[in-house]
Structures are given as C-alpha cells and as structure tokens.
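The values are calculated or read from the model by the stated rules, or taken from the named source; none is laboratory data. Nothing here was measured: the structure is a model prediction, and the numbers come from that model. Just the protein is used for accessible areas: all its heavy atoms, side chains included, with ligands, DNA and RNA removed. Shrake-Rupley method; radii C 1.70, N 1.55, O 1.52, S 1.80 Å.
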Amino acid sequence: MSEHSDRTEAVVDAGAADADALDAIGRRCLQHLESVVRIDSQSDESSATVPSTTGQQRLSDFGADTFRSFGAEVSQDDCA
C-alpha cells in the first residue's frame with residue numbers, strides 16, 4: 001500500500017470516528033431535552049411564592065444538577 005493510501009485511510013477512519021462521536025452527542029442532547037420537557041413546570045398564577053409550583057423547583061434542581069455533573073459550582077437561592 002502506498003503512503004498516500006495509508007493517509008487517505010487514516011483520514012476516512014478519523015471521519016467515521018468523528019461522525020460516531022457527533023451521533024453520540026446528538027443522542028445525549030436529545031435525551032437531555034426529553035428529560036427537561038417531561039418536567040411539568042407550568043406556573044401557578046394564584047401563588048404568591050417563587051417558584052410557584054413544585055414542578056418549577058424540580059426544573060431548577062434538574063438544571064443545577066446538570067451543571068454540577070459538568071463540574072460547575074452551582075448555588076441556588078430560595079427562589080430557585
């Protein structure tokens with residue numbers, strides 16, 4: 001096999017690996033989005049509290065946990 005063929009195969013293999021990685025990232029993003037939209041976070045207009053529902057608090061906690069899983073330092077106050 002020629003040196004050019006070896007390089008071409010290496011580029012094709014890297015491209016396939018990149019495509020697989022992008023597919024995995026896309027699947028992970030879709031799973032995350034589906035998890036977020038499953039949380040019923042509709043507000044309660046008659047509530048005097050913020051967040052006005054437990055669903056809103058769950059959504060806030062979910063977001064905080066997600067960022068913590070990435071290594072971020074997260075703080076939440078009484079309103080989140």
Residue ID - nearest to residue 80 (Cα to Cα), chosen from residues in segment 21-66 that are acidic (Asp, Glu) and open to solvent by less than 100 Å² (accessible area, probe 1.4 Å): 61
Every residue from segment 24-67 that is of a type outside the set (Gly, Ala, Ser) and not in a helix (DSSP H, G or I): 38, 39, 40, 42, 44, 45, 49, 50, 51, 53
Residue that is nearest to the chain's Cα centre (by Cα), among those in segment 49-70 that are aliphatic (A, V, I, L, M) and within 18 Å of residue 29 (Cα to Cα): 64
